[in-house]
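Chemist: Let me give you the structure first, and then I'll get to my questions.
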Amino acid sequence: MAVLSIDMGGTKTTAALVDNNFRLLKKQKILTLGKKSRKIVLENLSELIRTYPRVSFHKIAVGFAGILDFDKGRIAYSPHITSLNGFAFKKYLNNKFKKPVFLDNDVNCFVAAEHYFGCAKKFRHVIGLTIGTGIGGGIIVNNKIYRGRSSAGEIGHTIIEPTGPECDCGQRGCLETFVSGPAFARQYWQKTGKKKTPLEIEKESFDKKSVAYAIIRNAAKNLGLVLSNLVKAFDPEIIVLGGSVSRTKTLFPLLKKEVENNLKPLFKPPLILPTALDENAPLLGAAYLARKSKRFG
Ligand SMILES: [Zn+2]
């Protein structure tokens, strides 16, 4: 029987039934309404779940954009769905829908999917990053997600400039304040006084003399610094990048070069590849982890 898989992001929530062969059925997307009250967010999500007949699934798997207390099934902190901070989400869903619930961080689900189905299939040690509105990270060591006490993999909050811009996490100068869609838009505005979307900045960055190119080059430098430090700590075979910013074509070659330079001459650079599964990765990963996991209730 299928797993009802839900990818709950800051802006959008996607759901699908994932069958035994990991095919996605009846995929639907709604707005998360993350800045609304807890009641509205939960009612909105419940409506989505109720569109799937109860008999069509036997488990609910949720990949959630935020830091979780994994053992307790509680949301510790989400910068985008703030009304659920501190909420016992797993217990709530379990009580409401009377099905076993698996709850994990969305980027752990992303990296699990890439590891099981995607471009990291052949490897034992994998780091996954999704770069969009912010940066999420997931780490696989010896074919298992490394969770630390609970919040391991929060690579976007690596501080690279202690006096840098304020971050949603309460600190300053985190990586994601330099490398993310909003960070690109902010830097462009600071340098030119003009507003451009991250997509427009990407287009402009093909011109190597442009302001946009300078911003992307700087992003590659900062991201390359953090990734090469991670390689020294974890020595992964592959780093997989997902999220809208990772599709920035000018970023990839610059980033690879940066990582290689930072690892010379002693350390071996890992493969750095874009996601093979794109936006389906968190849905597939949540379903896969839910099937494997004994942590239900
Ligand atoms: Zn931060």
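Chemist: Residues that are over 23 Å from L230 (Cα atoms): which helices (runs of 4 or more DSSP H) entirely in the stretch 91-207 hold 1 or more of them?
Modeler: 181-192, 198-204
Chemist: Let me ask you something else. Just one of G193, G132, G153, G136 is touching an Asp or Glu at 6+ places or on another chain (Cβ under 7 Å), closer than 23 Å to T248 by Cβ and small (G, A, S); which is it?
Modeler: Answer to the selection: G136.
Chemist: Among the residues of the stretch 17-37, how many are among the β-branched types (V, I, T) and surrounded by fewer than 17 Cβ atoms within 10 Å (Cβ to Cβ)? Break it down stepwise before answering.
Modeler: Taking the stretch 17-37 first, the residues among the β-branched types (V, I, T) are 18, 30, 32.
If we keep only those that are surrounded by fewer than 17 Cβ atoms within 10 Å (Cβ to Cβ) as well, we get 30.
Residues meeting the conditions: 1.
Here's the yes/no breakdown for (1) more than 13 Å from the ligand (Cβ to nearest atom); (2) of a type in the set (A, V, I, L, M):
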residue	(1), (2)
L68	yes, yes
L84	yes, yes
K99	yes, no
F102	yes, no
V107	yes, yes
I135	no, yes
G153	yes, no
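Chemist: Just for the stretch 47-56: of the residues that are surrounded by 12 or more Cβ atoms within 10 Å (Cβ to Cβ) and closer than 14 Å to L93 by Cα, which one is modelled with the lowest pLDDT?
Modeler: R54
Condition check ((1) touching a residue at least 24 places away in the same chain (Cβ under 8 Å); (2) under 16 Å from D106 (Cα atoms); (3) not assigned by TED's automatic domain parsing to the domain that holds E176) across all residues:
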| position | (1), (2), (3) |
| --- | --- |
| K232 | yes, no, no |
| I238 | yes, no, no |
| G242 | yes, yes, no |
| E260 | no, no, no |
| P265 | no, no, no |
| P269 | yes, no, no |
| A281 | yes, yes, yes |
| A290 | yes, yes, yes |
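Chemist: Can you report the number of residues in the stretch 10-26 which are more than 19 Å from the chain's Cα centre (by Cα) and farther than 11 Å from I49 by Cα?
Modeler: Let us first name the residues in the stretch 10-26 that are more than 19 Å from the chain's Cα centre (by Cα), namely 17-26.
From the residues that got through so far, the ones that are farther than 11 Å from I49 by Cα too are 18-26.
Selection size over the stretch 10-26: 9.
The values are calculated or read from the model by the stated rules, or taken from the named source; none is laboratory data. For clarity, every value in this text was computed on a predicted model and none was experimentally measured. Positions of Cβ are backbone-derived with ideal geometry, glycine not excepted, and every protein chain shown enters the neighbour counts.
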